Every structure is written in C-alpha cells, then in structure tokens.
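Single-structure report; data block below.
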Amino acid sequence: MKRISLVLFALMLFTTWQCAKKGPMLPLTKKWEKVVPQQEVPAGLPSLKAADCGICHPSHYEEWKLSTHAHAWSDLQFQAELKKESSPFMCINCHIPLQNQQEYIVKGLIDGDIYQPVREKNPLFDPELQKEGITCAACHVRDNVIIGPTGGNGNLPHPVVKDTVHLSSENLCINCHNAVAVLTPELACTFETGDEWKAGPFADEKDCKSCHMEPITREIMPGFGEKLTHRHYFTGSGIPKFDTVQTTVLNGLAFYPSEVLETYQAGEPLNYNFRAKNEHAGHRVPTGDPERFILFHFTLFDVAGDTLKHLTERIGEEWEWYPEAKKLTDNNLDPGEEVNYRFTPVLQDTGQYRMLVRVEKHRLNKANAEYNKLGDHYPLYIEILNREYTFKVSAEETAGGANP
Ligand code: HEC
Ligand code: HEC
Ligand code: HEC
Ligand code: HEC
Ligand code: HEC
C-alpha cells in the first residue's frame, strides 16, 4: 500500500512537472526581453572589454569607470533585487545588455510567462565582461564592428562604421531609460525619463547627450590630435554607488532663499522663504527610479544649540508595492516647476540664534537599504546645499540689516 502511494505520488509529481513544462514556448516579444546578439571581437582589437578600449582611449575609460553605467551590474541593490524570486529573467537586459555578458541564452517563454524562460547555457559567456555592466561595447559594438559618430578618417587600428541614428539619444539612451510596464501585480517598471524629456521644454534644444555627455575638445587617442569629443561620466544625481567612487554631480534644482536679517525684534516671525526650481534638468526631478527623493531640512537653534523648530519637506514619489504596485503620491518637479517652502517660527526670546538649511538627494530610504542588507558602505544620499545663518533677536526697536 505504501509503495503504491509512493508510486502514485511520483507519478503525480511527474505529470505536474510535465504540465508545467508542457505549455507552448512563445517567442520573446517586448524590446527589453531581448538582448543585443552575441558579438565577435571587432577586427584589430584584443577584446571587447572596456579596459582594453582604455589602452588607446584612456580619458574615455577613466570617465566611464566612475559612471553608474560601469556599476550597473555590481551595484549592491541591483544584486540584492536580482536574487529575489519576484525578479524576472529580463531584469538583466538593460544592466548587462550584450548576450556575451549573459550566462544563459533565453530561447523563449513557456506560455509567454516571464517567470518560465527556456534557457540554454551560453558557451561564449564572458564573466569579466559581465562585471563591466553597461560597458563600451554595449553602446559601441553592433554586427561585430565599432560604431562611431564620425566613422573616423581612415587608417584606424579598428574599422569604424558611422551610425548617428544608433548613437542618438532617441535610440540609444531612451531605449533603456524609458520603460513603463506592469509586469506582475507587485512589479511595475516606471522609468519615464524619455517621455518626460519629450513632453518638456528642452525637447527641441537639448537632448540626453547634450546634458549628460558634455562636449570637450581633446585627443581620442594620444598622438592623434585634438577633436570634438564627449565626456563619458554620464553624470546624473551624483549619488555614488560605492563609498570608494568619486562621482561627478549634476543638480537640476536652482535655489532662491529669501534674505535673513542680522537682527530681529522679539515676538517677530522669521518669515523665511525658500524657493527651489527645476531649472537645469530636461525631465522631472527626481526622474527614473521611483525610489529617489529630495529632502529639505530647515532647523532653528537657540543659543545653547538646542533645536527650537524643525521643518522637513520632501519631493518624490511614494509607492505601495503590496498587494499590488500602486503609486500613492508624486510631487516630482516638472522642468521649470518650482516649490516655495515657508519657515516662519516666531522669535520670542532675545539672544543669538542659528539657522541651518540643508538639501539632500536620496537614492533610496534607509528601511529599504536595510531590508536589502546593503551594508554601511552603500551611500544612500548626498548633501547638495548647506547654508548657515546667525542672527540676533533683541528687545529694542532697532531690527534690520541683512545677513551676509
Ligand atoms: C589600438 C588602439 C585602439 C583600441 C584598443 C581601441 N581603439 Fe577606438 N580608436 C582608436 C583610434 C586611433 C581612433 C581614432 C582617433 C582619432 O580619430 O583621433 C579610434 C576611434 C574610436 C571611436 C570614434 C569613431 C568615430 O566614428 O569617430 C570610437 C567610438 C572608438 N574608437 C571606440 C572604441 C572601443 C569601444 C574600443 C574597445 C572595444 C576601442 N575603440 C579600442 C584606437 C583604438
Ligand atoms: C543598456 C541600457 C542603457 C543605455 C543604452 C543607457 N543607459 Fe543610462 N543607465 C542605465 C542603467 C541600468 C543605469 C543605472 C545603473 C545603476 O544605478 O546601477 C543608468 C544610469 C544613468 C545615469 C545616472 C543616474 C544616476 O544618477 O545614478 C545617467 C545620467 C544616464 N544613465 C544617462 C544615459 C545617457 C545620456 C545615455 C545615452 C547616451 C544612456 N544613459 C544610455 C542603462 C542604460
Ligand atoms: C537640459 C539638460 C538635461 C537633459 C536634456 C536631460 N537631462 Fe538628465 N539630468 C539633468 C540634470 C541637471 C540632472 C540632475 C538632477 C538632480 O539630481 O538634481 C539629471 C539627472 C538624470 C538622471 C538621474 C536621476 C535623477 O533624478 O537624478 C538620469 C537617469 C537622467 N538624467 C537621464 C536622462 C535621459 C535619459 C535624458 C534624455 C531623455 C536626459 N536625462 C535629458 C539634465 C538633463
Ligand atoms: C551609454 C552608452 C555609451 C557607453 C557605455 C560608452 N559610450 Fe562612447 N559614445 C557614446 C555616444 C552616444 C557617443 C557619440 C556622441 C556624439 O558625437 O553624438 C560616444 C562617443 C565616443 C567616442 C568618439 C569621441 C567622442 O567622445 O565623441 C569614443 C572614442 C568613445 N565614445 C569611446 C568609448 C569608450 C572607450 C567607452 C568605454 C570606456 C565608451 N565610449 C562607452 C555612448 C557611449
Ligand atoms: C528597460 C531597461 C531596464 C530594465 C528591463 C531593468 N532596469 Fe533597472 N535600471 C534601468 C535604468 C535606466 C536605471 C537607472 C534609473 C535612474 O537612475 O534613474 C536602473 C536602475 C536600477 C537600480 C538602481 C536604482 C538606483 O536608485 O540607483 C536597480 C536596483 C535596478 N535598476 C533593478 C532592476 C530590476 C530588479 C529589474 C527587473 C525587475 C530591472 N532593474 C530591470 C533600466 C532597466
């Protein structure tokens, strides 16, 4: 009896396994389900690796190394999220976009289900290239040749095919920086930087490249003469991925604080206004990852250094992920949009006061970082403004004088 039930159980297991396997395999359809096909090393080059491009293109390489593109695979948060069962196979396709960087070749999806990819080992998988994330070749190699903006002027160690359409912001950048899809009830992708830019005032004058790859005249390879080139820092928020990486910073917001006097009268309100305007970004601030936010802190201290009053304001989105992904609030600033914060404590006691105004850009909140066990060396935010004012409150009628 025992044996029969065991056999039955085994049979049952077998049939359910068969059923799970048996659905039809459907082809990949969405663009982010597909990878850039396997590339051969272009003629004249030792490998596809960034370090090897760097032998001849040292300045491009040194800049790229500091970019978040170079850390798109090694990023601790990405690695933590990738390990979760809820993360489908195509998470890696924008972070390590070349087939050469991926251990498996995905042939299709059983029943079209993103959690049932049909995989095959990739015999040409290059683990070193994988570590480089969005490496030079991810943008510059297609059909086994180097793609460049000019095509070069002959006589290069590697042939170049000119393709300004491929290298355009519209095709290259937006391909990864715009994805709006609800994949499962708890998993929504919302990177809308491309759409935000197209809807904004910069769409006709400046594109992703004009702001994130600034032009600079220098040598592409030492000894080949100066030309118009582009920075490869891909500077963004400037919040580094590791506390050992020195990132460059771009700020979208311009700040217009109101004046603070040298002396106030007892009983008078401070009347401090702080205006922040999205002046420099070609999209909303923050953009991209919905976990980003900006905090504004206004703190008033008394003579003893104790906090008398504190105000915190926040710009960003708030999401609820369970039971289904839902955006709760969103006060990100459109290009040109501004906010005005008022900090108006009433100054009762006479004496010397100090006020501190700080603005911080955050990549993700502390709770989430702890949940993902990102450790103490994962920078969560940077401070972009720190302004201190000191002033006096006196009993007399002599209030006035501007704070320097
Ligand atoms: C042996 C040296 C060497 C190596 C290695 C090398 N390049 Fe080049 N590359 C050159 C030279 C030389 C030029 C032309 C420089 C000039 O015009 O001033 C060039 C030009 C380019 C251009 C500009 C083409 C254009 O259309 O203007 C791109 C893009 C480029 N290389 C990408 C790469 C990438 C990506 C790698 C690595 C996969 C790489 N190179 C490796 C020597 C090299
Ligand atoms: C293959 C996909 C892909 C392409 C192509 C791509 N990006 Fe990215 N980009 C990413 C990913 C993924 C990240 C985030 C990596 C991370 O945070 O670990 C990123 C990060 C950035 C950041 C930094 C964000 C920050 O502050 O942390 C900027 C700026 C940026 N990209 C601009 C560009 C521009 C401009 C182009 C076009 C020239 C471009 N990207 C092309 C995928 C891509
Ligand atoms: C007019 C200049 C401008 C244009 C055009 C522009 N950006 Fe930005 N971008 C910025 C600035 C400034 C920031 C820094 C915002 C901040 O953190 O204060 C930024 C930040 C970013 C970030 C980091 C996320 C964040 O909130 O800091 C990404 C990713 C990004 N840009 C991608 C793009 C892409 C993709 C395009 C093209 C569709 C683009 N940008 C077009 C100026 C621009
Ligand atoms: C996210 C995509 C991306 C990555 C990654 C990337 N590049 Fe580029 N690169 C571009 C674009 C776009 C241009 C063309 C700018 C233009 O002229 O429109 C360019 C231009 C160049 C040029 C021509 C000169 C110039 O600066 O305009 C060279 C050389 C070059 N890249 C080398 C490299 C090397 C070496 C790496 C890796 C260390 C690399 N690139 C990584 C997008 C990328
Ligand atoms: C369509 C391309 C694309 C796909 C697919 C994609 N990402 Fe990304 N990912 C990006 C871009 C672009 C950024 C940078 C956005 C920014 O900095 O504003 C990014 C950034 C990230 C970051 C860093 C966030 C931060 O604050 O710096 C993590 C973590 C991440 N992605 C995880 C994932 C996971 C998990 C999946 C699968 C569910 C996934 N990605 C699929 C394009 C993609």
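The values are calculated or read from the model by the stated rules, or taken from the named source; none is laboratory data. Given the structure is predicted, the values throughout are model-derived calculations rather than measurements. Positions of Cβ are generated from backbone atoms using ideal geometry, with glycine treated the same way; all protein chains shown enter the neighbour counts.
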_Suppose we keep only residues that are farther than 19 Å from His232 by Cβ and in contact with a strand residue (DSSP E or B) (Cβ under 7 Å, 6 or more places away or on another chain) within segment 163-182. Which one would you say is farthest from ligand 2 (Cβ to nearest atom)?_
Val182
*asked:* Among the residues that make up segment 137-157, is at least one of them within 16 Å of Asp52 (Cβ to Cβ), under 25 Å from the mean Cα position of the chain (by Cα), in the same structural domain as Val182 (by TED's automatic domain parsing) and within 16 Å of ligand 3 (Cβ to nearest atom)?
replied: yes
*Go through segment 72-112 and give me each residue that's among the acidic types (Asp, Glu) and either under 24 Å from the mean Cα position of the chain (by Cα) or within 16 Å of ligand 3 (Cβ to nearest atom) (or both).*
Asp75, Glu81, Glu85
*Filter result for the condition that a residue is closer than 19 Å to Leu374 by Cα, more than 10 Å from ligand 5 (Cβ to nearest atom) and among the acidic types (Asp, Glu), over Glu62, Glu120, Glu81, Glu85*: Glu85
_Among (1) in contact with a strand residue (DSSP E or B) (Cβ under 9 Å, 6 or more places away or on another chain); (2) more than 16 Å from ligand 5 (Cβ to nearest atom); (3) not basic (Lys, Arg), there is one condition Gly252 misses while meeting the rest; what is its number?_
(2)
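Residues checked against (1) surrounded by fewer than 19 Cβ atoms within 10 Å (Cβ to Cβ); (2) modelled with pLDDT of 95 or more; (3) small (Gly, Ala, Ser):
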{"position": "Thr217", "(1), (2), (3)": "yes, yes, no"}
{"position": "Leu228", "(1), (2), (3)": "yes, yes, no"}
{"position": "Leu253", "(1), (2), (3)": "no, yes, no"}
{"position": "Pro269", "(1), (2), (3)": "yes, no, no"}
{"position": "Asn278", "(1), (2), (3)": "no, yes, no"}
{"position": "Gly282", "(1), (2), (3)": "no, yes, yes"}
{"position": "Pro290", "(1), (2), (3)": "no, no, no"}
{"position": "Ile294", "(1), (2), (3)": "no, yes, no"}
*asked:* I'd like the residue in segment 339-376 that is within 16 Å of ligand 5 (Cβ to nearest atom) and free of Cβ contacts under 8 Å to residues at least 12 places away in the same chain and, out of all such residues, is surrounded by the fewest Cβ atoms within 10 Å (Cβ to Cβ).
replied: Ala367
*Which of the residues belonging to segment 154-188 are in contact (Cβ under 8 Å) with a residue 60 or more places away in the chain, within 16 Å of ligand 5 (Cβ to nearest atom) and either out of contact with any Gly (no Cβ under 6 Å at 6 or more places or on another chain) or within 30 Å of Gly223 (Cα to Cα) (or both)?*
Asn175, Cys176, Ala179, Ala181, Val182, Leu183, Thr184, Pro185, Glu186, Leu187, Ala188
*Among the residues of segment 183-192, is there at least one that is more than 18 Å from Val141 (Cα to Cα) and within 13 Å of ligand 2 (Cβ to nearest atom)?*
yes
*Where in segment 169-273 are the strands (runs of 3 or more DSSP E), entirely inside, with at least 1 residues that are within 16 Å of ligand 4 (Cβ to nearest atom)?*
178-184, 187-192, 215-219, 226-230
_part of a loop (DSSP other than H, G, I, E, B), buried (at least 16 other Cβ atoms within 10 Å of the Cβ), modelled with pLDDT of 95 or more and away from ligand 1 (no atom under 16 Å from the Cβ): is that true of Thr299 in this structure?_
no
*Among the candidates Lys198, Lys206, which residue alone is within 16 Å of ligand 2 (Cβ to nearest atom), more than 27 Å from Asp75 (Cβ to Cβ), of a type outside the set (A, V, I, L, M, F, W, C) and touching a residue at least 40 places away in the same chain (Cβ under 8 Å)?*
Lys206
*Name every residue in segment 217-239 that is touching a strand residue (DSSP E or B) at 6+ places or on another chain (Cβ under 8 Å) and of a type outside the set (Ser, Thr, Tyr), in order of residue number.*
Arg218, Glu219, Ile220, Gly225, Glu226, Lys227, Leu228, His230, Arg231, Gly238, Ile239
